[in-house]
Each structure stands twice: as structure tokens, then as C-alpha cells.
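The next block holds one structure in the form of C-alpha cells; read it before the comments.
The values are calculated or read from the model by the stated rules, or taken from the named source; none is laboratory data. Everything numeric here is computed off the predicted structure, so don't read it as measured data. Positions of Cβ are generated from backbone atoms using ideal geometry, with glycine treated the same way; all protein chains shown enter the neighbour counts. When the accessible area is computed, the model is the full protein with side chains, heavy atoms only, and any ligands, DNA or RNA have been set aside. Shrake-Rupley method; radii C 1.70, N 1.55, O 1.52, S 1.80 Å.
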Amino acid sequence: ADPAPLRLLLSSARLACRVFYSLNSPGLTQEFEDTLDEWMAEFHTLLTFDAALPAYADTEKETELDAAKAAVAANTNLFMELNEEEFAKFLQTFVQDVWVLLTKVSLDVRQDNLAMNSIRFLTTVARSVHFALFRNEGALKQVCENIVIPNTRLREDAEEMFDMNWVEYVRRDSEASDADTRRRAACELTRALTDKFPQEVTQLFTGYVGSMLQQYAADPAGAWKAKDCAVYLVTALTARGRTAASGATATNELVNLGDFYRTHIAPDLMAADVNEAPVLKADALKFLTTFRSQIPKAEALAAFPGLVRLLGSDSNVVHSYAATCIERLLSLKEGGQPRFAVSDLQVQLEPLLQGLFGAFQQPESAENEYVMKCVMRLITFVGPQIAPVAPTALKLLADMLLQVCRNPTQPGFNHFLFESAAALVRFGAAADPALLDLFQAQLFPAFQVVLSEDVQEFHPYVFQIFAQLIELRATPGVQPALMQLFPPLLSPMFWERPGNVPPLVRLIKAYLEKAPGEVAAGGHLEALLGVFQKLLASKALDHEAFVVLAALMVRLPRGDFDRFLPTVWQLLFQRLQSARTTKYVKGLVGFLAVFMCNRGPQSVLDSMDALQPQPPLSNMILDSVWAPALPTIGGDTERRLALGASARLLSEVPRLQEAGNAALWGKLLGAALGAASDVLGGAGGGGDDDVQEFDEVSGYSAAFAQLHNAAKPEEDPCPEVADGAAFLAQHLSAAAAAHPGQMAPRIAASLAPEQQAQLQALLQAKGATLV
């Protein structure tokens with residue numbers, strides 16, 4: 001008979017099922033609830049319907065019948081997740097339907113969609129209050145034998161991917177991107193059943209795993225897939241909770257993890273032939289990576305020689321997994337401290353570095369991001385002790401950079417390449433500052449190519465490392481080769497790209513820190529002012545304008561900066577008037593705080609008033625900008641500086657002590673108390689100084705990606721203000737002592753009772769008094 005009419009009907013049924021899914025995803029409507037019996041009857045009919053539809057010639061194309069049944073399985077899973085109460089009366093029927101269906105599903109790729117949707121439904125049921133449907137030991141045995149194990153075995157298409165498309169294999173297998181695979185679905189079902197029936201499921205699978213391992217032992221060359229399946233099942237059974245930093249953090253106590261590792265995993269890691277049974281070696285590496293926190297330190301250390309050897313495997317998957325395993329072990333912490341010390345691995349460090357760079361010579365691994373990430377981790381792990389080999393390693397990295405400049409295609413690899421270079425500069429210079437000249441000479445040719453050929457993806461990285469090379473020098477001045485780069489850096493072309501702005505601003509700060517006189521003498525101040533003006537006009541980048549402005553103010557000779565100060569004030573206040581935003585006001589207040597801490601408040605106010613003496617422009621700014629924004633300033637450093645500047649404003653500016661400015665003085669004090677109350681209340685907190693995890697930098701835009709190893713600790717622009725609230729209390733106390741009897745009446749007249757209570761609490765907390 002012609003199958004075309006049936007194909008058409010089944011395709012229509014599938015579409016109806018998908019419409020049903022879409023309409024019920026937001027929640028069950030009254031209309032569907034009223035007709036639920038009819039819908040479920042049709043779904044049952046579809047699941048149990050059988051017809052001999054001819055398969056397509058394309059081995060990956062599912063039949064219309066399988067597609068319709070998969071859509072029904074997705075619908076039943078949706079109802080189990082969202083409408084369990086309404087679906088409960090149909091549950092027994094559909095569990096039986098799906099169960100029977102899964103026993104008939106083949107391992108063909110064309111039936112993957114049907115198998116995955118069906119297994120997901122059973123997994124949802126197993127995790128629900130209806131898990132008792134699986135309580136029967138016979139039922140558990142059938143699930144294990146007929147559903148889990150067949151769908152966990154490595155298929156030929158996965159084996160082919162292992163050999164022919166290693167990048168996709170690794171992405172799916174090690175980065176948890178295999179959500180749409182039978183293996184992952186079977187794994188999740190195993191975990192769901194283990195959570196509900198730990199004793200029974202563990203006992204069942206222990207028998208199956210033992211049997212598969214015996215098959216492998218009897219015929220290692222012919223039955224290696226049995227061991228692969230066994231290792232996968234043990235991982236699914238054992239790992240109960242995991243984190244990116246530590247791997248498996250909770251395990252199934254019924255599984256003897258240590259014994260399994262020593263008997264079945266360690267031998268594969270330590271095998272002399274690194275190219276034999278590559279899939280099993282990949283399994284062993286993934287097992288150690290997953291359970292790295294559970295494997296004793298001594299056993300993990302004993303595995304390092306084997307891990308180093310496996311970096312030389314011809315299999316891209318194997319040496320990538322070896323690099324990932326080493327990287328994760330080196331970053332592992334116990335009690336907040338690194339698990340391994342450099343001394344623990346001293347003997348392995350040189351062969352490890354050689355093995356990593358050797359892996360880049362393997363076909364298709366020249367830009368292997370997993371290996372490069374391990375290089376970065378190794379350098380940061382070793383620290384300053386890397387100095388003896390740093391020049392050699394940096395030369396290799398610079399040569400790689402020249403190669404990838406031609407066609408940057410691997411964002412993750414590129415990021416870790418620059419991180420590794422920055423780490424070598426950082427730790428090499430820490431051990432021997434004289435190495436900086438050599439580092440600069442090695443990196444300069446590649447960096448010149450990046451800039452001259454406009455490799456936009458790399459500009460932010462290059463600017464960060466240039467800044468690092470300048471900042472790490474202990475002596476003032478910038479080398480001529482780097483100084484020659486300064487004028488081109490002010491070109492509008494670079495500043496048009498938002499990703500360039502943060503590293504360029506940092507680079508300009510580095511030049512101003514080390515060579516302010518040369519910058520001023522070279523006639524670059526007008527161009528810098530243009531950069532400031534361009535950034536100020538952007539609502540997205542105006543915060544960077546204040547960074548540039550603060551650097552100019554702090555670093556330039558006073559006369560050079562003051563020459564442009566009237567123009568700066570005009571630009572700042574024009575932007576305030578034309579495009580005022582909360583972000584801009586906070587940035588302006590932050591700059592004013594740094595300016596006052598650096599120059600003193602009277603000098604800053606006088607420079608403002610030079611634009612408009614009467615009424616004083618500074619009074620208007622303090623009243624309408626400073627005071628309202630002060631309590632909203634976030635960030636510990638920003639609030640501390642603002643309180644320090646407020647303390648000096650309230651105590652050092654004679655004009656504000658006058659009777660005519662009493663209301664303004666009170667408003668400023670009230671705003672300062674509002675900011676100080678947050679500090680006293682415990683707001684804010686220190687950041688985490690731990691080394692961050694470096695995830696893949698996706699896409700090819702020239703977005704800014706900060707290099708952790710090139711980062712510079714922020715310099716405190718006002719170290720004398722260690723505690724902003726205490727500084728405020730002490731200055732108020734000193735001002736009161738200098739003018740006895742004047743402070744108390746002014747406070748009583750200008751502060752509300754609750755503000756007066758805040759002031760008393762502040763003074764008491766900081767051990768200060770008002771005379």
C-alpha cells in the first residue's frame with residue numbers, strides 16, 4: 001500500500017501534538033482541562049499505534065510515526081512537570097505505554113528523538129511523588145537492562161565523532177553539552193532512580209558493571225566498549241552533586257569509589273602505550289577529573305606522570321582531556337588553600353611544560369584551548385618560580401600569536417594565550433625585573449602586527465599587556481619604543497570600538513603614572529582632553545571619562561592640569577545640564593571626592609567659582625548634585641572617599657561656616673550621615689581575591705575581556721582616609737574643638753532629630769565628641 005497518506009496523517013498528528021505543547025506550556029487552561037480525557041485517549045492511541053512505515057534512505061531521518069510518538073512523549077512529560085495533579089489518573093497508562101515503547105526502540109540514530117523524549121518522561125516520573133511505580137524489583141531490573149544499559153553503550157556514530165570530530169565530541173562529553181543524547185538521558189534516569197532507590201539500584205548496577213568488566217578482562221581488544229559503558233554507569237551512579245571548581249562534591253556511599261579507581265582507572269592512566277584504547281583513556285581521565293576531590297592526594301599525585309605522558313597521545317580527545325584533568329587538579333583547593341604545592345610536583349614541572357607545548361604540534365591541536373588553558377594554569381600555579389623558563393615559553397607563545405593573527409578563529413584559545421603571556425610577564429618580572437626588557441622585545445613584533453594589520457579581536461589584550469609592561473617597571477619613565485606608541489593610541493580609530501576603551505584608559509593611566517612630564521612635554525594634553533570629551537559624551541562610557549580625568553589631575557604637574565581646568569568644568573557642567581543621569585552624577589561626585597582629597601576642598605570650590613563667582617557656582621553644585629547623591633554612592637572605596645571629602649568640606653571651608661550657608665552646611669552634614677549610616681550598618685564588603693575561572697569567550701566581537709594575570713591592584717587615591725566614617729567624626733570633633741560652643745547650636749538648628757541621633761551614634765561608635 002502507498003504509505004504517503006499515512007505519512008501525511010501522522011505528520012498532521014505530530015503538528016497537533018506540538019500545538020498542544022505550545023498552548024499548554026504557559027499553564028493548563030480551562031478548555032484543555034475540560035477535554036483532557038479526549039486528548040489523553042488520542043495520545044494513548046498514538047503511542048500504541050503500530051504500522052510498518054518504510055524507513056527513509058537517510059539513516060538519520062526519523063519516520064513520521066516515531067516523530068508523532070516523540071511529540072506525545074514530550075506532552076506527557078510536560079504534564080508531569082506542570083500539571084501533575086490533573087495528569088495523575090492517566091499516569092499508570094502512559095508509564096506502561098512508554099515502558100513498552102522503549103523496549104522496542106532500536107539504537108538507530110533515526111529513533112534518538114523518540115528514545116530521549118520517552119526516557120525523559122520516565123525520569124520525571126521517577127523524580128516525582130509517583131516514584132513508587134518503579135518500586136518493584138522486577139520493574140527496576142527491566143529499566144536497567146532494557147532501557148538504561150542499551151542507551152548508555154557507545155554507538156558507532158559517537159566512536160566516529162571521537163576520531164573524526166574531536167572538538168564536537170569534547171564539547172558534548174566534557175562540557176555537559178550532550179543534553180540531547182541518549183547517553184545523557186539514560187544517565188539522568190539512573191540518577192533519578194538512585195536517589196529514590198539507592199540500595200536496590202546500586203546493587204543492580206553493581207552486578208551489571210561487574211559483568212561488563214569481566215567481559216573486558218576476558219577480551220580487552222574486542223570488549224573495550226563494555227568497560228566504557230561500565231565506567232559511564234559508575235560515574236552516573238556515584239556522582240550525587242558537583243561544582244565546576246571541585247568536581248563531584250557528594251558521592252553514593254554504596255559505591256567503593258577508591259577501589260574502583262585503583263583497580264580500573266589508574267591502570268589506564270599509567271599504561272605505557274598512550275595510544276592504546278584511546279576511548280578508555282579518555283574515560284579514565286574524565287573519571288579522575290570528575291572525582292578529583294574524592295581521590296586521595298597521594299593517589300592523585302601518583303597519577304601525574306601518567307597524565308604528563310598522555311599529553312603526547314595522538315588522540316586529540318585524549319591529550320585535551322589530559323590537559324583539562326591537570327588544569328583542574330592544579331586549581332583544586334582544600335579548606336581555601338591549594339591542594340597541591342609546587343614542591344609536590346617539582347619533578348613533573350619541566351616534562352609537563354614540554355608535554356603541553358608538544359601537544360600544540362599534534363594535527364588539529366595547534367589552537368587547542370584546553371591545552372592552552374592548562375598552560376595558563378600551570379604558570380599561575382608555579383608563580384615566580386617560572387622565571388628560569390619564562391623567556392623560552394614566552395617566545396613560543398609570541399610565535400603562536402603571530403600565527404593566529406592571520407585568522408583568529410578560536411576565541412577561547414586566544415584568550416588563554418594572552419592570559420598565559422600575561423602570567424609569564426607577571427611572575428617572571430616578580431622574580432627578576434630585568435626580564436621585562438626581554439619580554440618586551442619578544443612580544444613587540446607580534447603586537448605590532450596586531451596593531452598594524454588591525455586585528456581588532458586582539459586590541460584589548462595587547463593594550464592590557466602594554467600597560468602591564470609599563471606598570472611593572474620600578475623606575476619612572478617609559479622606554480622609547482613604548483613611548484612612540486603613545487600618539488597613535490590617541491587616534492579616534494581605536495576609541496570608536498567600545499571594547500578598546502577600558503584597556504586604553506588603563507594604558508593611558510600607566511603612561512601618566514610613569515612619564516607625566518614626557519606626556520605633557522610632547523604636546524599630548526589637548527589630544528587627551530579630546531579623548532576625555534569623547535568619552536564624556538557617551539552615556540555608556542562616561543565613567544571611563546572620569547577615570548581619565550582623575551589620572552590627569554593626580555599625575556600631571558599641577559600647572560599643566562590647571563591650565564585646562566576651566567574647560568573641564570565647562571564640559572562637566574554642560575553634560576550635567578544636557579544629559580543628566582544617575583550614573584553620571586555618581587561619577588561626577590566620585591571625581592569631586594578624589595579632587596578634594598588631593599587638592600583640598602577650598603581649592604576645588606575656588607576653581608569652580610572662577611566660572612561663576614556670584615552666586616557661587618560651587619554652592620549650587622554642592623546643593624543640587626553633591627548632597628542628594630552622597631547617600632546613594634555605592635562601593636566601599638567610593639563611599640570612603642566621599643565621606644573623607646565631606647569631612648573636609650564641613651570643617652575646612654570657611655564660607656560654609658557662615659550663617660548665610662547654615663542650611664547648606666546642614667544639608668551636607670545630613671547627606672554625609674546618610675552615607676556613613678550605611679557603613680555603620682555593615683553595608684558593603686570585601687571582594688574575592690581568588691583566581692577567577694576563565695570560561696570560553698564566545699563570538700568574534702572585539703568586546704573587552706579582562707586579563708586576570710595582567711590586572712593591577714587599584715591604587716588608593718586617598719590613603720589617609722582609612723575609615724570614612726571615623727574620618728568624618730574626627731574632623732567634626734576637631735572643628736568643634738577649634739570653635740567651642742558654635743557647633744552644637746548649628747547642628748540643633750540644621751539637623752532633624754533623627755539625623756541628630758545618627759550623628760550621636762556615629763560619634764559614639766568612633767570614639768569622638770563635640771565640645
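What to note about this one:
- Among (1) out of contact with any helix residue (DSSP H, G or I) (no Cβ under 6 Å at 6 or more places or on another chain); (2) farther than 19 Å from Asp180 by Cα; (3) in contact (Cβ under 8 Å) with a residue 12 or more places away in the chain; (4) of a type outside the set (A, V, I, L, M, F, W, C), the one test that Gln96 misses: (3)
- Listed by first and then second residue, the pairs linking a residue in region 430-443 that is open to solvent by 30 Å² or more (accessible area, probe 1.4 Å) to a residue that is not in a helix (DSSP H, G or I), with Cβ atoms under 9 Å apart and 6 or more places separating them unless they lie on different chains, are Ala430/Leu472; Pro433/Leu472; Pro433/Arg473; Pro433/Ala474; Asp437/Gln479.
- Which listed residue is within 24 Å of Ile147 (Cβ to Cβ), of a type in the set (Ser, Thr, Tyr) and surrounded by fewer than 20 Cβ atoms within 10 Å (Cβ to Cβ), from Tyr56, Tyr21: Tyr21
- Residue match in region 539-557 (condition: touching a residue at least 12 places away in the same chain (Cβ under 8 Å), farther than 22 Å from Thr637 by Cβ and not aliphatic (A, V, I, L, M)): yes
- Residues of region 519-542 that turn out to be in a helix (DSSP H, G or I) and crowded, with 18+ Cβ neighbours inside 10 Å, as a count: 8
Let's see how each residue does on (1) surrounded by 13 or more Cβ atoms within 10 Å (Cβ to Cβ); (2) under 19 Å from Leu525 (Cα atoms):
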residue	(1), (2)
Arg558	no, yes
Leu565	yes, yes
Val568	yes, yes
Ser578	no, no
Gly587	yes, no
Cys597	yes, no
Gln602	yes, no
Leu611	yes, no
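- Unmet requirement for Lys712, which otherwise passes all of (1) in contact (Cβ under 8 Å) with a residue 12 or more places away in the chain; (2) open to solvent by 20 Å² or more (accessible area, probe 1.4 Å); (3) within 18 Å of Glu652 (Cβ to Cβ): (3)
- Cross-chain or 6+ apart pairs with Cβ under 6 Å, region 12-33 first and within 20 Å of Ala70 (Cα to Cα), then among the charged types (D, E, K, R) and open to solvent by 50 Å² or more (accessible area, probe 1.4 Å): none
- Yes/no for Gln706 being open to solvent by 80 Å² or more (accessible area, probe 1.4 Å), at pLDDT 90 or above and of a type outside the set (Lys, Arg): yes
- Residue match in region 741-759 (condition: over 22 Å from Ala645 (Cβ atoms), without any contact (Cβ under 8 Å) to a residue 40 or more places away in the chain, open to solvent by 70 Å² or more (accessible area, probe 1.4 Å) and within 44 Å of the chain's Cα centre (by Cα)): yes
- Looking at Leu622, Leu611, Leu643, Leu605, just one residue is over 16 Å from Leu668 (Cβ atoms), touching a residue at least 24 places away in the same chain (Cβ under 8 Å) and touching a helix residue (DSSP H, G or I) at 6+ places or on another chain (Cβ under 8 Å), and that residue is Leu611.
- The listed residue being outside any loop (DSSP other than H, G, I, E, B), under 18 Å from Ala705 (Cα atoms) and either at pLDDT 95 or above or aliphatic (A, V, I, L, M) (or both), out of Leu507, Leu552: Leu507
- Candidates in region 252-276 are the residues that are surrounded by fewer than 18 Cβ atoms within 10 Å (Cβ to Cβ) and either among the small types (Gly, Ala, Ser) or in contact (Cβ under 8 Å) with a residue 40 or more places away in the chain (or both); of these, the one that is nearest to Gln294 (Cα to Cα) is Gly258.
- Some residue of region 390-406 being part of a loop (DSSP other than H, G, I, E, B) and either open to solvent by 10 Å² or more (accessible area, probe 1.4 Å) or not hydroxyl-bearing (Ser, Thr, Tyr) (or both): yes
- Among the residues of region 630-640, those identified as assigned to a helix (DSSP H, G or I) and open to solvent by 10 Å² or more (accessible area, probe 1.4 Å) are Pro631, Thr632, Asp636, Thr637, Glu638, Arg639, Arg640.
- Top-ranked residue of region 649-682 - restricted to ones that are under 45 Å from the mean Cα position of the chain (by Cα) and open to solvent by 50 Å² or more (accessible area, probe 1.4 Å), ranked as modelled with the lowest pLDDT: Gly682
- Given (1) among the aliphatic types (A, V, I, L, M); (2) open to solvent by 50 Å² or more (accessible area, probe 1.4 Å); (3) assigned to a helix (DSSP H, G or I), number of the condition Ala73 does not satisfy: (2)
- Whichever residue in region 368-378 is touching a Gly at 6+ places or on another chain (Cβ under 9 Å) and either under 19 Å from Ala446 (Cβ atoms) or among the aliphatic types (A, V, I, L, M) (or both) and, among such residues, is surrounded by the fewest Cβ atoms within 10 Å (Cβ to Cβ): Glu369
- Sub-6 Å Cβ pairs linking a first residue in region 180-193 that is farther than 20 Å from His130 by Cβ to a second residue that is among the charged types (D, E, K, R) and open to solvent by 30 Å² or more (accessible area, probe 1.4 Å), at least 6 apart or interchain, number zero.
- Within region 294-311, tally of residues that are open to solvent by 30 Å² or more (accessible area, probe 1.4 Å) and either over 22 Å from Val170 (Cα atoms) or among the hydrophobic types (A, V, I, L, M, F, W, C) (or both): 8
- Some residue of region 495-518 being of a type in the set (D, E, K, R), under 27 Å from the mean Cα position of the chain (by Cα) and crowded, with 18+ Cβ neighbours inside 10 Å: yes
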